[in-house]
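Input: a single structure, listed below in structure tokens.
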Amino acid sequence: MEMTMTMTKGEEQLRKAKSAKLILLFAMVSMTMMFAGLTSAFVVSKSRADWLKNFELPTAFYYSTAVIIGCSLTFYLAKKAIQKDNRSATTALLLGTLALGVLFVVLQFVGFGQIVKSGYYFTGEGSSITTTFLYVVTVTHLLHLAGGLISLLIIIYNHFKQKYNSTQTLGIELGAMYWHFLDLLWVYLFLFLYFFK
């Protein structure tokens, strides 16, 4: 007698969640390796004669660091709110995360402006290897953050379509994981740039 194995809906959701989280973890490990390569090149380049010894990070980068930590906090609280089926709090926290994410991007560009105003450029005659490296590292992080903002917009859209509740939180969980990763990555880059300039 042939027996057919069927998965319950809960088991299928659990399997899907594990697969999605593994794929995201693999992507995050790949990104970490890329930034490890960039920061290694940064350390090696410090021995160059044209390296700027007295370069100071722009003040906007300090503010943006606080802002991205705020993004992680609001996303974490949004995940907790949906797990309690508190839709209004989830909405406010997701929109708050989006606003903070956009503010982070704005502050990064303000920081670029502060660097240029100080007389340092990223390309061309007035540029230095120090500022070019800073620009490459920061813009690469911003590109990954753009992916985070797009995923956050999709999560907000799905939330308004009522696709999330206390039993279905996968999208918000994945979004929170990625934003926590972006947060830790920026804090690492900021501390690295601060102490190894």
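The values are calculated or read from the model by the stated rules, or taken from the named source; none is laboratory data. This one's a predicted model, so the numbers in the text were calculated from it and none came from an experiment. Only protein heavy atoms, including side chains, enter the accessible area calculation; ligands, DNA and RNA are left aside. Shrake-Rupley method; radii C 1.70, N 1.55, O 1.52, S 1.80 Å.
On alpha-carbon atoms, Rg over Rh for segment 25-163 using Kirkwood Rh? Please report the intermediate quantities before stating the final value.
On the way: Rg = 18.3 Å, Rh = 17.1 Å.
That ratio is 1.07, to two decimals.
Would you work out what percent of the accessible area of segment 55-196, with all protein chains in place, is carbon or sulfur (probe 1.4 Å)? Show your work: numbers first, answer last.
Numbers: 4560 of 6700 Å².
Accessible surface attributable to carbon and sulfur in segment 55-196 totals 68 percent.
Which one of L143, L134, L184 has the biggest mean-square fluctuation once the chain is modelled by GNM with Cα springs under 10 Å?
Fluctuation is largest for L143.
Using the alpha-carbon atoms, what tilt in degrees (0 to 90, nearest 10) does helix 59-83 show relative to the longest principal axis of the chain?
It is inclined by approximately 0 degrees.
With every protein chain kept in place and ligands, DNA and RNA left out, what is the accessible area per residue of the chain? Probe 1.4 Å, answer in Å². Display every interim value, and only then the final one.
On the way: 11230 Å² over 197 residues.
Value returned for the chain: 57 Å² of accessible area per residue.
Using only Cα atoms and rounding to the nearest 10 degrees, what angle (0 to 90) does helix 129-160 make with the longest principal axis of the chain?
Between the helix axis and the principal axis of the chain, the angle is about 20 degrees.
Any of K18/K79; K21/K84; K21/K161 with alpha carbons more than 19 Å apart? Name them for me.
Numbers: K18/K79 17 Å; K21/K84 22 Å; K21/K161 23 Å.
Pairs exceeding 19 Å: K21/K84; K21/K161.
Which value at 222 nm does the chain reach when only helices count, each DSSP H run of 4 or more adding -39,500 (n - 2.57), with the total divided by all residues and rounded to the nearest 500 deg cm²/dmol? Before the final figure, lay out each step's value.
Details: 5 runs with 151 residues, N = 197.
When only DSSP H runs of four or more count, the value is -27500 deg cm²/dmol.
Relative to the longest principal Cα axis of the chain, at what angle does helix 87-117 sit, 0 to 90 degrees, rounded to 10?
Computed tilt is about 10 degrees.
Evaluate the relative contact order of the chain (contact order divided by residue number), counting alpha-carbon pairs under 8 angstrom at least 6 apart; express in whole percent. List each step's numbers first, then the result.
On the way: 160 pairs, mean separation 60.6, N = 197.
Worked out over the chain, it gives 31 percent.
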